[in-house]
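Notes follow once the structure below has been shown.
The values are calculated or read from the model by the stated rules, or taken from the named source; none is laboratory data. Nothing here was measured: the structure is a model prediction, and the numbers come from that model. Cβ coordinates were reconstructed from backbone atoms using ideal geometry, including for glycine residues, and neighbour counts include every protein chain displayed. Remember, those area values only see protein heavy atoms, side chains included, never the ligands or the DNA or RNA. Shrake-Rupley method; radii C 1.70, N 1.55, O 1.52, S 1.80 Å.
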Amino acid sequence: MKTRLIFFVLAIGLIPLVLTTSCSKIKELTAVPVTYQLPRTNFLYTPSKVKSGEEILYSAFVRINIDSLLSAYGLSSGAVENPAFTQFSISIDLPAEANFGWMTSVRAIVSDNASFVPEVPMGSAVNNGGTGRTVILTVNNSNIPFGNNGFYIQILATLNGAVPYQWIGMYFIGTLKLTLQPI
């Protein structure tokens with residue numbers, strides 16, 4: 001009788017442990033790691049009269065077509081987990097003579113809401129008046145907030161003087177790594 005009681009107690013204690021361990025293993029095995037290239041996003045920056053300080057170059061919602069990603073990997077439904085940037089750059093397209101000589105530094109922040117509260121630093125770069133046409137940000141590689149099939153992004157530049165152009169056509173590109181978790 002004692003043997004049966006001991007076996008019963010061990011079984012009751014081990015079954016949840018085995019089920020929990022196997023469920024997490026199944027979840028881990030069915031997760032799909034994805035590298036997602038953001039499409040080139042063009043934007044127009046019209047400088048203000050400010051000669052120094054931080055200016056917003058761009059602010060908007062970036063939509064990720066989750067349904068297309070799930071479909072491409074043969075998943076009927078799922079969720080995005082652990083999204084993080086691995087690369088991000090900003091380039092000047094027009095005017096042809098424009099460069100980043102007016103910019104000391106640039107940073108990008110992300111959030112799951114348009115108020116950027118809380119804001120999550122995504123990456124930054126120091127330019128110190130460099131005259132290139134592309135700035136590559138050093139990304140933080142930390143998880144970014146992700147809600148409603150995307151996130152809000154804001155690109156901010158610190159000016160080192162007046163911007164010598166009436167307008168500047170720019171674009172950004174980036175690469176995200178994320179995990180698709182079937183539901």
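Structure values in brief
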read-out: Residues whose placed amide H lies under 5 Å from that of L57, excluding near-sequence neighbours; value: I155, L156, A157
read-out: Karplus 3J(HN,Hα) series, Hz, for region 146-163 with 6.51 cos²θ - 1.76 cosθ + 1.60 (x for Gly, Pro); value: 9, x, 6, 6, x, 7, 9, 10, 9, 10, 10, 10, 9, 8, 10, x, 5, 6
read-out: Heavy-atom accessible area per residue - region 19-169, 1.4 Å, Å²; value: 54
read-out: Pairwise label distance in nanometres, V120 with T46, each label 7 Å out on the Cα-Cβ vector; value: 3.3
read-out: Phi to ³J(HN,Hα) by Karplus 6.51 cos²θ - 1.76 cosθ + 1.60 over region 100-105, Hz, x for Gly, Pro; value: 8, x, 8, 10, 7, 7
read-out: Relative packing of 114-120, 146-152, which averages over residues the other C-beta atoms within 10 Å, highest first; value: 146-152, 114-120
read-out: Value of relative contact order over region 39-183, rounded to a whole percent, pairs C-alpha under 8 Å and six or more apart; value: 44
read-out: I173, I183, I66, I136, reordered so the largest accessible area comes first (probe 1.4 Å); value: I183, I136, I173, I66
read-out: Segment L38-N149, extension gain: residue separation times 0.36 nm, minus the distance between their alpha carbons; value: 38.6 nm
read-out: Cα gyration tensor of region 30-126 - equivalent ellipsoid semi-axes, whole Å, descending; value: 32, 16, 12
read-out: Hull-based mean projected area of region 52-105, where the convex hull spans the alpha carbons, in square nanometres; value: 6.4
read-out: Prolate/oblate/rounded call for region 55-183, Cα gyration tensor, a/c under 1.5 rounded; value: prolate
read-out: Contour minus Cα-Cα distance for S89 and I183 (0.36 nm per residue); value: 30.5 nm
read-out: Surface share of carbon and sulfur [accessible, 1.4 angstrom probe, percent] for region 130-183; value: 49
